[in-house]
Amino acid sequence: MEHQLALIELNEISFGYPNCGLVLSDLNMRVQKGDRIALLGGNGAGKTTLFHIILGLIRPFSGSISLLGKRCIEENDFHKPRKLIGLLFQDPDDQLFCPSVIEDVSFGPLNLGMNRDDALKRSRRCLERLGIRHLEKRVPYELSGGEKKLVALASVLAMKPRILLLDEPMAGLENRAVDRFLSVVAEEDLDAMVIITHLPNLIKDHVNKTLVMEDGSLKEQTSVC
Amino acid sequence: MHISEGVLSIPVLSAGALITVAGLAIGIKKVKPADIPKVALTTSAFFVASLVHIPIGPSNAHLVLNGFLGVLLGWAAFPAIFIGLVLQAVLFQFGGLTTLGVNSANIALPGIFFGLLARRFITLKRPNLSALIAGLAGGLSVMGSGLMVALSLSLSGDSFTLVSRLIFSAHIPIAVVEGIITGFVTRFLLRVRPEIVGCNLSGFQMKAYGNAALLLLITTFSISLLAPPIVEAHRVSVFAWYDGKVVVGKAYYANGKPAKHAKILVHKEEQPSHILTVESDEFGRFSFTPSSHGEYVIELVAGLGHKATTVVKVGKVKKGQKAVLDVKEPQKAVAPTGSVGNILEINVSCKKIEQLLEKVLERHLAPVRDELEKLEVAQSRVTFKDVVSGIGYIMGIMGLWAYMSSNRKS
Amino acid sequence: MTCERLASGNSILHLADPRIKIVLASFLSVEVVFLKTMAALILALIWAIFMLYVTGLKKDILLKRLFFVNVFIVVLWLVIPWSTPGATLFQIGPIGITREGVMLCSAITLKCNAIVMFNMALLSTSTIFALAHALDHLKVPSILVQLFFFSWRYLHVLEEEYIKIKRAAMLRGFSPGTNLFTYKTYANILGTLFVRSYDRGQRVYWAMVCRGFNGTFWLLSHFRLGSRDLILMSGMLILGICLLFVEWSTNWHL
């Protein structure tokens with residue numbers, strides 16, 4: 001158990017947007033089995049960008065990415081890891097595009113090659129666990145912000161990911177919803193999890209490591225906030 | 001501008017539907033699955049933007065943004081505009097199923113044409129010039145749409161001539177506002193997110209064909225400004241002659257159709273008011289018996305603004321009658337030389353001969369008159385020519401696209 | 001959003017299979033365009049009004065929609081009766097109203113309203129999503145259906161964003177007028193809207209890719225043709241054929 005395999009390993013990653021200089025410069029990151037990481041940092045520090053780079057949605061200027069022990073360079077290299085790493089987007093409207101909640105949740109399982117009935121069964125179970133089974137037939141865009149967030153989480157969990165990347169999951173959620181959200185995530189059988197948040201206090205019971213993003217690289221924070 | 005249901009003729013509707021099917025086919029081919037969200041989101045933005053009221057003087061107008069969409073999406077603007085119109089039809093009942101084809105084609109084609117053209121010159125290095133070109137494309141696209149709307153209407157029937165002119169003129173202020181806004185939006189995007197406008201970051205590349213395209217842009221611009229969009233397709237004409245006893249005539253429209261039951265006023269020389277009113281029959285024919293010799297001015301009145309006049313001489317030496325007399329006199333002279341018979345008898349029969357000849361001549365001249373009448377009709381038949389030139393105009397635009405898109409690929 | 005208002009209801013037309021409704025709406029619209037006799041057109045309009053009545057929708061909403069549809073028709077009425085040459089019906093000052101012009105306008109008014117009412121009763125009583133699904137089942141090219149679908153999905157998001165941006169501008173004292181500053185401000189608002197839509201389009205695609213999207217869209221709900229749908233369809237078709245008979249047997253032409 002001493003030398004653990006890194007699930008996510010980033011080396012010397014640099015990336016920037018036009019006219020903005022570098023957002024990430026020589027960033028290193030290592031996520032291991034059992035890690036529950038809180039990722040903190042100011043607005044525009046590049047936290048969301050980092051998630052997008054991990055999943056190969058954005059290509060860095062330089063540096064290397066290894067996911068689940070494999071070096072990922074080309075678009076094709078990311079296909080397999082994307083099915084095992086679930087990313088919850090900051091804005092649930094980006095994630096929910098189907099005419100009904102159940103269709104949105106089963107979109108992922110269907111893409112994994114499941115047949116219709118199995119996909120539906122799994123999706124319903126996910127909704128049940130998040131306590132939103134009654135929303136099944138609703139149109140996603142008509143839901144409230146909190147409900148949308150839970151549906152988006154269900155759509156990620158329905159893929160049975162090994163690693164969860166959550167981008168601001170608690171923003172816009174009322175306290176009760178936050179509790180349910182966190183308890184479901186905690187129950188989930190996960191290898192690792194990274195949560196971007198501005199409210200480290202809310203999740204301090206659920207994480208075992210805190211990373212702070214500053215000047216384009218990550219620093220580990222040992223003190224409890 | 002939408003054309004409502006039930007207005008356009010079936011050939012125009014079918015032509016529009018065919019163009020739209022073709023445009024959609026091309027547009028869909030250009031959209032890869034990865035582009036779907038982007039194209040769709042741009043469509044939504046287009047839809048939202050088209051609900052925005054922009055003040056113009058005391059009134060306000062909806063933006064069309066077809067030129068801007070052409071700049072952003074190229075051929076994919078066709079499905080985008082089509083979908084926008086479907087949504088408007090289902091949600092607001094603006095337009096409907098049968099006019100979907102014509103309306104999409106009218107809005108999309110000019111937008112794609114000018115958009116693709118403008119896209120060649122949009123560059124990060126000269127944002128102001130790029131914005132100017134995009135603005136020009138935005139304005140021209142609206143003018144092009146106005147032209148196509150007017151063309152669809154005027155091709156659907158002569159009655160729409162005036163309406164189509166009004167609608168075309170209504171597009172002019174919108175085109176100006178649209179041009180200004182498209183220019184500003186383009187400059188905004190060039191500053192903020194140049195990749196959205198799809199500009200080539202490598203700089204200003206005006207190759208030989210680029211120059212040619214610019215030339216064409218300017219030419220088309222001047223044509224669309226100078227060419228009277230709708231031509232006098234709806235003139236009325238009147239043609240009349242005096243046959244010795246009565247004045248007969250025919251009233252018809254410029255397209256050759258007879259003017260049924262039209263009012264015809266007859267004036268005499270310089271008399272201030274008309275002396276007679278007659279009505280044309282089912283075939284546009286009319287006749288009256290002149291009371292005295294002199295020049296008659298025949299005025300056809302068919303609806304407001306549709307007037308035509310012609311002058312007929314009735315009189316002492318009427319042209320037609322004179323000819324008859326001229327022919328008659330030698331006949332008269334020949335007769336005595338032929339037989340030195342009873343001069344009295346000849347003199348007596350002279351009148352009979354004259355009558356006989358008149359009858360014969362009348363019979364022979366009738367077809368000539370008909371011919372003349374037809375000739376006059378054919379001369380003033382302007383619609384067909386205009387239809388052809390209109391189609392030519394469209395064909396020219398289409399040819400240019402083909403040229404442009406082939407260039408883009410290579 | 002208020003624009004799908006006609007789709008809420010539970011009349012027989014609301015509940016009918018959207019595929020049938022699309023087919024019927026197309027058939028009826030095209031048929032009405034081809035009609036030439038007044039008798040047939042008046043019948044078509046009566047039938048369309050009856051169908052709207054069946055939907056049980058509130059009169060004021062329907063009338064409001066029809067009012068806007070008829071704005072263009074009013075323009076035609078203002079111009080065509082006197083600019084169409086023909087036999088003068090009556091004279092208003094120097095303006096002669098012609099029989100041909102009035103007949104043409106009446107025919108257009110009847111046609112337009114009949115078609116729009118058919119569309120309201122048949123298409124607007126379905127949600128856009130139901131229509132998109134139905135189009136997919138009717139073998140409309142998938143990319144077109146997806147575009148349709150996505151555009152509608154994000155229409156609301158973008159509309160909200162537009163309202164937010166505009167409200168922010170208004171709060172800072174922006175009052176629109178006919179001047180370059182107004183146009184520039186609108187351009188900036190629209191520019192922002194387009195940037196956001198572009199970025200969101202990008203993110204939506206990423207979210208799909210993250211869930212294993214590879215170009216296939218899945219259809220979960222399937223329509224089932226009920227006997228009610230078949231009755232509706234056959235009833236409408238028979239009525240449509242009756243209209244054609246009226247058309248052929250009368251000669252009350254334009």
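Using only the Cα atoms of the stretch C:1-119, what semi-axes does the equivalent ellipsoid have when each is the square root of 5 times a gyration tensor eigenvalue? Give whole Å, largest first.
Details: eigenvalues 218, 53, 22 Å².
In descending order, the three semi-axes are 33, 16, 10 Å.
Taken over the stretch C:139-210, the convex hull of the Cα atoms encloses 108 Å³ per residue.
Work out the mean other chain Cβ neighbour count within 10 Å for the residues of C:113-124 and drop it here as an integer.
Numbers: counts 3, 2, 8, 9, 1, 3, 8, 3, 0, 1, 7, 5.
Whole-number average of other-chain Cβ neighbours for C:113-124 is 4.
Put simply, the convex hull of the Cα atoms in the stretch A:1-72 casts, on average, a shadow of 5.2 nm².
Per residue of A:31-44, count partner chain C-beta atoms within 10 Å of its C-beta, then hand back the mean as an integer. Could the numbers behind the result be given before it?
Details: counts 0, 0, 0, 0, 0, 0, 0, 0, 0, 0, 0, 0, 0, 0.
Mean partner-chain Cβ count within 10 Å for A:31-44: 0.
Overall, the stretch B:1-155 carries a charge dipole of about 640 debye about its Cα centre when +1 sits on the Cβ of Lys and Arg and -1 on the Cβ of Asp and Glu, all other atoms neutral. The Cα-based radius of gyration of chain A, divided by its Kirkwood radius, gives an Rg/Rh of 0.96.
For the stretch A:114-196, go through all pairs of different Cα atoms, get the mean of 1/r, take its inverse, and jot down that Kirkwood value in Å. Before the final figure, lay out the partial values.
Numbers: mean 1/r = 0.0755 Å⁻¹.
Its Kirkwood hydrodynamic radius stands at 13.3 Å.
Here the peptides A:187-193, A:26-32 are ranked by packing, the mean other Cβ count within 10 Å, and the order with the highest first is A:26-32, A:187-193.
Quick check: at a probe of 1.4 Å, how many percent of the accessible area of the stretch B:1-146 sits on carbon and sulfur atoms?
On the way: 2840 of 3970 Å².
Here it works out to 72 percent.
Quick check on packing: order A:98-106, C:58-66 by the mean number of other C-beta atoms within 10 Å, highest mean leading.
Working: A:98-106: 24.6, C:58-66: 13.2.
In descending order of packing, they fall as A:98-106, C:58-66.
Using only Cα atoms, what Kirkwood radius does the stretch B:10-205 have, in angstroms? List each step's numbers first, then the result.
Values: mean 1/r = 0.0591 Å⁻¹.
Averaging 1/r across every pair of different Cα atoms and inverting gives 16.9 Å.
Of the residues B:His171, A:His198, the one with the largest accessible area comes first in the ranking A:His198, B:His171, computed with a 1.4 Å probe on protein heavy atoms.
Heavy-atom accessible area for B:Val368, with the other protein chains in place and a 1.4 Å probe, reaches approximately 80 Å². Relative to the longest principal axis of the Cα atoms of chain A, the long axis of helix A:75-84 makes an angle of roughly 60 degrees. Seen against the Cα atoms of chain C and their longest principal axis, helix C:142-171 is set at about 70 degrees.
Percent of accessible area on the stretch C:15-91 owned by carbon and sulfur, 1.4 Å probe? If you can, show how the numbers build up before the last one.
On the way: 2770 of 3570 Å².
Heavy-atom surface of the stretch C:15-91 belonging to carbon and sulfur, 1.4 Å probe: 78 percent.
For a straight C-alpha distance cut-off of 17 angstrom, the aspartates and glutamates reachable from B:Lys260 (same-chain residues fewer than eight places away being disregarded) are B:Asp158, B:Glu279, B:Asp281, B:Glu282, B:Glu299, B:Glu373, C:Glu100. Inter-chain neighbour count for C:77-84: the average number of beta-carbon atoms from partner chains within 10 Å of each residue's beta-carbon is 6. The base-10 log of I(q)/I(0) for chain C, evaluated at q = 0.09, 0.16 Å⁻¹, reads -0.62, -1.19 [Debye formula, identical scatterers on Cα atoms, solvent excluded].
Projecting each Cα onto the charge dipole of the stretch C:1-157 (Lys/Arg +1, Asp/Glu -1 at the beta carbon, about the Cα centre), which of C:Leu123, C:Gly9, C:Phe90 comes out farthest on the positive side? In the stretch C:1-157, that residue is C:Gly9.
When the accessible areas of C alone and B alone are added and the area of the pair subtracted, with a 1.4 Å probe, the result is around 6800 Å², both sides summed.
Shape class of the stretch A:30-93 from the Cα gyration tensor (axes a ≥ b ≥ c, square roots of the eigenvalues): rounded, since a/c falls below 1.5.
Rolled with a 1.4 Å probe across the full set of protein chains, the surface gives C:Lys166 an accessible area near 50 Å².
Computed with a 1.4 Å probe over protein heavy atoms only, the accessible area of C:Thr250 comes to about 50 Å².
Greater than 20 Å separation of Cα atoms is the criterion. Which listed pairs, B:Lys268/B:Lys307; A:Lys80/A:Lys160; A:Lys47/A:Lys219; B:Lys257/B:Lys313, meet it?
In this structure, B:Lys257/B:Lys313 exceed 20 Å between Cα atoms.
Here the accessible area of chain A is 48 percent carbon and sulfur, with a 1.4 angstrom probe and all protein chains present. Rounded to the nearest 10 degrees, the angle from helix C:128-137 to the longest Cα principal axis of chain C is 80 degrees.
The values are calculated or read from the model by the stated rules, or taken from the named source; none is laboratory data. All figures in this text were calculated on a predicted structure; none of them were measured in a lab. Methodologically, a virtual Cβ is constructed for each residue, glycine included, from the backbone with ideal geometry; neighbour enumeration extends over all protein chains shown. Protein only, heavy atoms only, side chains kept; ligands, DNA and RNA dropped before computing areas. Shrake-Rupley method; radii C 1.70, N 1.55, O 1.52, S 1.80 Å.
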